[in-house]
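Undergrad: Below is one structure. I have some questions about it.
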2 protein chains.
Amino acid sequence: MKRSQRVGAFMEIISNSPNKIFALNYFCDLFGAAKSSISEDIAAAREIAAFTGLGMVETIPGASGGVRYVPFISKEKGLQFQDKLCRMLREESRVLGGGFLYTSDIMFDPVIVKEMAQIFARKFRQCGADYIVTIETKGIPLALKTAEFLNLPSVVVRREAKISEGATMSINYLSGSSERMQKMSISKRAALSGSRALIIDDFMRGGGSVKGISDILSEFDTQVVGIGVAIANIAPEKKKIADYIPLVYLGNVDEESRTVEVFPNSQIF
Amino acid sequence: MKRSQRVGAFMEIISNSPNKIFALNYFCDLFGAAKSSISEDIAAAREIAAFTGLGMVETIPGASGGVRYVPFISKEKGLQFQDKLCRMLREESRVLGGGFLYTSDIMFDPVIVKEMAQIFARKFRQCGADYIVTIETKGIPLALKTAEFLNLPSVVVRREAKISEGATMSINYLSGSSERMQKMSISKRAALSGSRALIIDDFMRGGGSVKGISDILSEFDTQVVGIGVAIANIAPEKKKIADYIPLVYLGNVDEESRTVEVFPNSQIF
């Protein structure tokens, strides 16, 4: 194979499996090339990824080492995306009765979810999480895409225990917004004892849901090592949990004038 | 830029946005190269994608034309994956009381979901869908990943109408398995009138849910152009809908012996 073919195939393969470590021998065998050639290809791939700004090509030394593709978003592009997200959230047609905001189209749009997940993957890539946890429903795409980028499994906490979840652990908790008692359940088969979890969700008001997830995980000796939420409501100022990282902050949603106060969390970069 | 750098960057960029059409001028500007060079790069990229088996590089003629990357899975790899999925589903530990099967870990695993979605994207790429529809909860990752591959938006039907969905259309339907009355809701903001939908879900027994989705979509003059389910139960033989396409068929789940009858739908290729 020619250099250009090897480099092209290399980029396609590694970028298709983010954060998966490929042994160099894998490419030697696939391309029928010497290790020295593959090393040169990797050097070329590293430059290419820096040029496109879509990822980083990292080599890991040692016996279990190899090469991996880490999705990347620059601070500049991340800020641009946050601005775009804020503009979308300010659209008048999103304002619902009671100061609620319609966001389902955003949270279920694969292209937007991908950009949000890229920012979380950048932020949390060193957090040491073993898996990603969310609670149904609207945070699932964002949690799964972040999990894909970080090459981690994910667990979805359910509102109701389902037969198909097997034995579950449930807790009741107070919803931060309404101080209403709510319930959440996690399958005993899903929780990994003594591990570390990254919580990803679409929205946080009082932090009750995330606090609930954290509490239910602590029953399995699982430590929360990071919390990312797409949209954090500014009020109430005092949340039930600290150290959460939002993409954007949501202020007042005025039903009458249909104005939405929303601004980016530029501290995330 | 050198040929190898251009081809590598080209592969990284197009494979990062499946089914998105890029104008050739975009790459001329990005690489500072003539159209003839870009055309040669595209020819090289087409060969590379055929070699890796991960995608197809397609050129679209005309004014709105360009080049796009279509994710691909070969019949051989698809059958291998179906076998792997069947082996996983046969694991004794999945058998729950009442003949239910634990599948949440599979449906929330980004790597497995990606392979399932690849098969559906292959199957339904010509179906002309405008968007993908699923019902919460376990089918969401699969639906979203299929939507990402086909470059389509997605809509998630909810079990309960939520305040944050705005005005919703709801229907009551009979669950195929239990003949129990259930409810589903779709936001009026989400449904696209006069359009075509591909339904993707994780599991089908009697077909009640999918029939329900189809009924609720017909209220918006939306036509169902395809139905893909990860796992279809063999019983009952007579489903509430026809023309569904499963990845695997599930037969008897024996609680006592912990055996699971499951086999691939090789007709899908």
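The values are calculated or read from the model by the stated rules, or taken from the named source; none is laboratory data. The model shown is predicted, which means the values in this text are computed figures rather than measured ones. Positions of Cβ are generated from backbone atoms using ideal geometry, with glycine treated the same way; all protein chains shown enter the neighbour counts. Just the protein is used for accessible areas: all its heavy atoms, side chains included, with ligands, DNA and RNA removed. Shrake-Rupley method; radii C 1.70, N 1.55, O 1.52, S 1.80 Å.
Undergrad: How do the helices (runs of 4 or more DSSP H) wholly within segment B:1-61 filter down when requiring 3 or more residues that are at pLDDT 95 or above and buried (at least 19 other Cβ atoms within 10 Å of the Cβ): which remain?
TA: The helices (runs of 4 or more DSSP H) meeting that bar are B:3-16, B:35-52.
Undergrad: A further question on this structure: Name the residue that is surrounded by the fewest Cβ atoms within 10 Å (Cβ to Cβ), counting only residues in segment B:233-269 that are charged (D, E, K, R) and closer than 29 Å to B:Ile73 by Cβ. Outline the logic, then answer.
TA: Step one: list which residues in segment B:233-269 are charged (D, E, K, R), which gives B:237-240, B:243, B:254-256, B:258, B:261.
Filter once more, keeping what is closer than 29 Å to B:Ile73 by Cβ: B:239, B:243, B:261.
Values: B:Lys239: 19, B:Asp243: 9, B:Glu261: 14.
Only one residue fits best here, namely B:Asp243.
Undergrad: Based on what the data block shows, is B:Phe220 farther than 24 Å from B:Gln267 by Cβ and either touching a residue at least 60 places away in the same chain (Cβ under 8 Å) or among the hydrophobic types (A, V, I, L, M, F, W, C) (or both)?
TA: yes
Undergrad: Restricting the search to segment B:184-201, which residues are within 14 Å of another protein chain (Cβ to nearest Cβ) and part of a strand (DSSP E or B)?
TA: Within segment B:184-201, B:Met184, B:Ser185, B:Ile186, B:Ser187, B:Ala197, B:Leu198, B:Ile200, B:Asp201 meet the criteria.
Undergrad: Right, next: Can you tell which of B:Gly166, B:Gly226, B:Gly176 is touching a Phe, Trp or Tyr at 6+ places or on another chain (Cβ under 8 Å) and either modelled with pLDDT of 95 or more or under 29 Å from B:Glu92 (Cα atoms) (or both)?
TA: Every option except B:Gly226 fails the conditions.
Undergrad: Collect the residues in segment B:202-218 that are open to solvent by 10 Å² or more (accessible area, probe 1.4 Å) and either away from every other protein chain (no Cβ under 14 Å) or not in a helix (DSSP H, G or I) (or both), keeping them in residue-number order. Spell out the reasoning first.
TA: If we filter segment B:202-218 for residues that are open to solvent by 10 Å² or more (accessible area, probe 1.4 Å), which is where we start, we get B:202-203, B:205, B:209, B:211, B:214-215, B:218.
Within segment B:202-218, B:Asp202, B:Phe203, B:Arg205, B:Lys211, B:Ser214, B:Asp215, B:Ser218 meet the criteria.
Undergrad: Can B:Ser193 be described as out of contact with any His (no Cβ under 9 Å at 6 or more places or on another chain), hydroxyl-bearing (Ser, Thr, Tyr) and surrounded by fewer than 22 Cβ atoms within 10 Å (Cβ to Cβ)?
TA: Numbers: out of contact with any His (no Cβ under 9 Å at 6 or more places or on another chain): yes; hydroxyl-bearing (Ser, Thr, Tyr): yes; surrounded by fewer than 22 Cβ atoms within 10 Å (Cβ to Cβ): yes.
It is true that B:Ser193 is out of contact with any His (no Cβ under 9 Å at 6 or more places or on another chain), hydroxyl-bearing (Ser, Thr, Tyr) and surrounded by fewer than 22 Cβ atoms within 10 Å (Cβ to Cβ).
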